[in-house]
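So the structure is just underneath, and the comments pick up after that.
Every number here is computed from the coordinates shown, using simple stated rules; none is lab data. Here the structure is a predicted model, which is why all the values come from computation and not from measurement. A quick note on method: Cβ atoms are made from the backbone with ideal geometry, for glycine too, and the neighbour counts reach across all protein chains shown.
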Amino acid sequence: MIDFTGCILIDARSAGSHLPRQLAIVASLARSDTAPFSLRIIDDTGDPRLPCIAHRFGARLISVSSAPLGQRLNDAIAPCIGEVLVFPGIGDASSAEVLMQLAIEVAAGEFDAALLPTLHRSPLQRLLLQIKRLPRGGGLCLTHRWYERIGGCDPNHNSGALDELLVRLRACGARVKAGAPR
């Protein structure tokens, strides 16, 4: 039994042409009445196709002002009430099951945050990122409490907003799980 709520946030500008594919992967987590997640698309583009896309996948379209990604995320998260926040990386969400398992581990307090497994890295790139413990530019799942505790995303960061958030999480002692769920 799942006893937490969460919010999956996908930025339309960052996702670009990958948006429908990402939504197809995560939509099952938000479609049923008993689903623990709400699915939100963050839009600062005003693209007239987005309301139709959001409706097709059962997502809520959140319009925000044009700003760097960090500010867009902060604006969209402000009204979220879920315990877990999930930011699938661009094209990195491999399956709904993986996202759900990581969210369950984070919600249960096993970790404060978890890096979502990435699909678009060569074996050498993955090894270098593990050795150096560098931010990987992929997705992130974390508790809403930790997001608030560290002050959210830096509103001035654009493409590196989640990487910078991860660096601050680690610097503040958050327990961050790297890799796939157990």
- Interchain or long-range residues, amide H under 5 Å from residue 157's placed H: 70, 71
- Can you check what the net charge comes to around residue 173, using other residues whose Cβ is under 11 Å from the Cβ of residue 173 (Lys, Arg +1; Asp, Glu -1)? +3
- Message: Net charge within 13 Å of residue 152 by Cβ-Cβ distance, Lys/Arg positive one each and Asp/Glu negative one each, not counting residue 152 itself?
- Response: 0
- Would you mind calculating the gained length between residue 164 and residue 101 on full extension (0.36 nm times residue separation, minus the Cα-Cα distance), in nm to one decimal? 20.3 nm
- Message: Can you tell me the length gained on complete extension of the stretch residue 49 to residue 21, counting 0.36 nm per residue apart and subtracting the Cα distance?
- Response: 8.6 nm
- Can you work out ³J(HN,Hα) from phi for every residue in the stretch 155-166, in order, using Karplus 6.51 cos²θ - 1.76 cosθ + 1.60 and θ = phi - 60°, giving whole Hz and x for Gly and Pro? x, 8, 8, 9, 5, x, 4, 6, 4, 5, 4, 4
- Task: Subtracting the Cα-Cα distance from 0.36 nm times the residue separation, let me have the gained length for residue 172 to residue 145 in nm, one decimal.
- Result: 8.4 nm
